[in-house]
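What follows is a single structure, written as structure tokens, with notes after it.
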Amino acid sequence: ADRAHPRLALRLEAEKPLAKGDTTLSKANAKTYARDLAQEVAARHFPGTLTLVVLNRVRRAQEVFGALQAVVQERLRRAQAVPELLLIHSHFRPAERQRCQERLQEVDQAPPPGGCIVVATQAVEAGVDISARLLFTELAPWTSLVQRFGRCNRRGEWGGHAPAQVFWVDIVGGEEHKELTLPYEAPQLAWARETLAALTEVGPRAIDGMTDPTSVPLTHVLRRRDLLDLFDTTPDLAGNDVDVSRYIRDAEDNDVQVYWREWQGDVPPADMPAPRREELCPVSLPAMREFLKNTSAYRWDGLERRWIPVRGRDPLWPGVTLLLHAKAGGYDSDLGWTGKAGQVPPVTPALEVGETPLSLPNDALDADPASLVARFIGLREHADAVAAEMERLLRSFDTLPDIPADDLRCAARWHDAGKAHEAFQNALLEGRDADDSLRAEGPWAKSDAKQRWLQYGVYDDTGRFRKRPHFRHELASALLLLQVGGSDLAAYLVAAHHGKVRMSIRSLPGEAVPPEGRRFARGIWEGDRLPALDLGAGVYTPPLHLRLTVMELGEGEDGPSWLERALRLRDRLGPFRLAWLEMLVRVADWRGTLAGVGMDREEVMGRA
């Protein structure tokens, strides 16, 4: 019945005649290929319609687009009607790519008088709903070709005296000329070539059920055990996150992320805000290595809180984010990544911390920018604010079954108790006199100390607390809660509310080592003293000394290890429910912090 519906039937019965194009890519004509293909496309294009040209490599797409621009300029000199040109590929920054995609949707619905020629890569194979009258596609694996065919006469509007047409462009490569066939393998292209040569129609009915026997199955499949293992997001000893790229992209999708900023001096400042999504441009690993032969990029080391210079021979891996100075160039707003030093991209202004929730400093294992706000906020005041926000959240979910409300309330109340630690209080009060009345009014959860932290050097030259590198107040909070009898779930949610301490507790390179061989982890030393605390709502704690027995494997004097407790929670609640509970505590903390600096309710909800 679905297939008989008039609108769906129109698409399923759409005719897409197929023919081999006049242009062929080979070693012999590689230098003139872009010009030859551009002239063929321009000659066959129909004014007032959409023509789509899909190429396998970004560089070839840019070259064909440039050649088409030359054709358009020549026609303009002759006062002829010319088509609009669009270039779409994956190596644009999101802002420019979105602008092109929005214009693509506009010309698809209402083409200009001269029509539009869209030059694209695999970026249009999925998720782009357009209907071109003419389609030119380079030879590609069958599965990619089927996706490309779907962008021609997609709605079945072309036929009769105004037929659609698909042209395929052969690539004569092989083992000796792999640079022409990349990113695909010769056997895949050989089967596709043989199949296309025997076809005259590639509409849905004509190719239904056709499969490519040379297709290579996915190598990496996400099994249940893999999913559970990936719940532990603890960075490795070098501060790097687990690489999950093999599960979410094809093996040939080897892109790094690049963004541009301006700064004074040779090395970027340590407090430069992290990149926002709209700044990031994907660049292939080979292209980036070639570009770095003549310039330097910088990679942020979250463990050492410093920028590491990266040159052409230095290690690179898919997904790594690199910073370039704007004067290094390599990007054009109309062409995307070009790798040409003379093309300096417009720089997206770096926002100051506090302007938007996204303008945060580069992430570091001991970062805590949310503790630096516009005023001092007491530990009890902040605990009350976060607890109130948690109550609002719980009322929103009161119809859901099995919500561990008491554990969530406890986590909200205790999440920052560890900030009473002397190391953290000294940091919040840095630059104030010893007899400053604020010292007696603490303990504090928030401080206005951002500028003083920079002025008085609370951080050393790598951005760490001088006396306690990698200090995490939430670990102190969780240890305190366990020692006064809190539940494993509440303690876990307290420890995880910044995402820095989750499934395991361990020391890191560069930490200050306590005397007498005491245990230490994340800036916390065995025996550290916390004062008596008033956390509000009648919650008081006596002064006590922190114990780190739970960081040891097996059963200790304080019961099971932290790892065993965390694994039990993961297996009992499941990774998604446990992550959701973490999120609730984090959101309550964000909203409580913003409310504490005087934002009204509407602004708090918008910012958090």
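The values are calculated or read from the model by the stated rules, or taken from the named source; none is laboratory data. Just so it is clear, the structure is predicted and the values come from calculations on it, not from any experiment. Neighbour counts are summed over all protein chains in view; Cβ atoms, including those assigned to glycine, are modelled from backbone coordinates with ideal geometry. The accessibility values were calculated without ligands, DNA or RNA, using every heavy atom of the protein model including side chains. Shrake-Rupley method; radii C 1.70, N 1.55, O 1.52, S 1.80 Å.
Label the stretch 52-113 by shape, choosing from rounded, prolate and oblate, from the square roots a ≥ b ≥ c of the eigenvalues of the Cα gyration tensor; if a/c is under 1.5 it is rounded, and otherwise prolate applies when a/b is larger than b/c, oblate when it is not.
Verdict is oblate for the stretch 52-113.
Determine how large the accessible area of Arg305 is when every protein chain is in place; take a 1.4 Å probe and give Å² rounded to the nearest 10.
30 Å²
In the calculated pair distance distribution of the chain, what percentage of Cα-Cα distances lie above 31 Å?
61 percent
Can you divide the C-alpha Rg of the stretch 471-513 by 2.2 N^0.38 Å and report the result to two decimal places?
Output field value: 1.17.
Convex hull over the alpha-carbon atoms of the stretch 294-341: what's its volume per residue in Å³? Show your work: numbers first, answer last.
Details: hull volume 4.8 nm³, N = 48.
Looking at the stretch 294-341, the number lands at 100 Å³ per residue.
Net charge within 14 Å of Pro6 by Cβ-Cβ distance, Lys/Arg positive one each and Asp/Glu negative one each, not counting Pro6 itself?
Here the charged neighbours net out to +1.
Please work out the FRET efficiency for the pair Arg78 and Glu157, using the Cβ-Cβ distance as r and a Förster radius of 45 Å; give the result to the nearest 0.05.
0.90
I'd like the carbon and sulfur percentage of the solvent accessible area for the chain, probe radius 1.4 Å, heavy atoms only, ligands and nucleic acids excluded.
Details: 14980 of 28760 Å².
Carbon and sulfur together cover 52 percent of it.
Roll a 1.4 Å probe over the protein chains and send me the accessible area per residue for the chain in Å².
Spelled out: the 1.4 Å probe surface of the chain, per residue, equals 47 Å².
Set the Förster distance to 45 Å, then compute FRET efficiency between Asn294 and Asp448 from the Cβ-Cβ distance, nearest 0.05. Write down the numbers at each step before the final one.
Working: r = 44 Å, r/R0 = 0.99.
Efficiency computed from Cβ-Cβ geometry: 0.50.
Roughly what angle does helix 473-483 make with the longest principal axis of the chain, taking Cα atoms, 0 to 90 degrees, to the nearest 10?
Once rounded, the angle reads 50 degrees.
Considering every pair of different Cα atoms, what Kirkwood radius, in Å, is found for the stretch 469-608?
Computed over Cα pairs of the stretch 469-608, the Kirkwood hydrodynamic radius comes out at 16.4 Å.
Run the dipole for the stretch 64-209 about the Cα centre, Lys and Arg Cβ at +1, Asp and Glu Cβ at -1, nothing else charged, and hand back the magnitude in debye, nearest 20.
On the way: 15 positive and 18 negative charges, 113 e Å.
Dipole of the stretch 64-209, to the nearest 20 debye: 540 debye.
Tabulate in residue order the Karplus-calculated ³J(HN,Hα) for the stretch 530-547, using 6.51 cos²θ - 1.76 cosθ + 1.60 with θ = phi - 60°, rounded to whole Hz; enter x for Gly and Pro.
Computed from phi, the couplings for the stretch 530-547 are 10, x, 4, 10, 10, 9, x, 6, x, 9, 10, 10, x, x, 8, 10, 6, 10 Hz.
To the nearest 10 degrees, how steep is helix 405-414 against the longest Cα principal axis of the chain, on a 0 to 90 scale?
70 degrees
Rounded to the nearest whole Å³, what is the per residue volume of the convex hull around the Cα atoms of the stretch 1-71?
Here the figure is 134 Å³ per residue.
Tell me the relative contact order for the stretch 133-207 as a rounded percent, counting alpha carbon contacts under 8 Å between residues six or more apart.
The value is 38 percent.
Does the stretch 141-184 classify as rounded, prolate or oblate by the C-alpha gyration tensor (a ≥ b ≥ c root eigenvalues; a/c under 1.5 gives rounded; else a/b over b/c gives prolate, otherwise oblate)?
Values: a/c = 5.66, a/b = 2.58, b/c = 2.19.
Since a/c reaches 1.5 and a/b is larger than b/c, the shape of the stretch 141-184 is classed as prolate.
Using a 1.4 angstrom probe with every protein chain in place, what is the largest-first accessible-area order of Met551, Met272? Present the calculation step by step, with values, prior to reporting the outcome.
On the way: Met551 45, Met272 15 Å².
Per-residue accessible area, sorted high to low, gives Met551, Met272.
Keeping all protein chains in the complex and leaving out DNA, RNA and ligands, what accessible area do you get for Ser504 with a 1.4 Å probe, in Å² to the nearest 10?
Accessible surface of Ser504 is approximately 30 Å².
Calculated FRET efficiency, Leu544 and Asp571, Cβ-Cβ r, R0 30 Å, to nearest 0.05?
E between Leu544 and Asp571, to the nearest 0.05, is 0.45.
Using a ≥ b ≥ c from the Cα gyration tensor of the stretch 485-562 (square roots of the eigenvalues), is it rounded, prolate or oblate, where a/c under 1.5 gives rounded and otherwise the larger of a/b and b/c decides, a/b for prolate?
Details: a/c = 1.56, a/b = 1.30, b/c = 1.20.
Taking the square roots of the gyration eigenvalues as a ≥ b ≥ c, the stretch 485-562 is prolate.
For the chain, what is the charge dipole size about the Cα centre, in debye to the nearest 20, if Lys and Arg each add +1 at the Cβ and Asp and Glu each add -1 at the Cβ? Walk me through the numbers before you get to the answer.
On the way: 78 positive and 88 negative charges, 247 e Å.
Approximately 1180 debye in magnitude.
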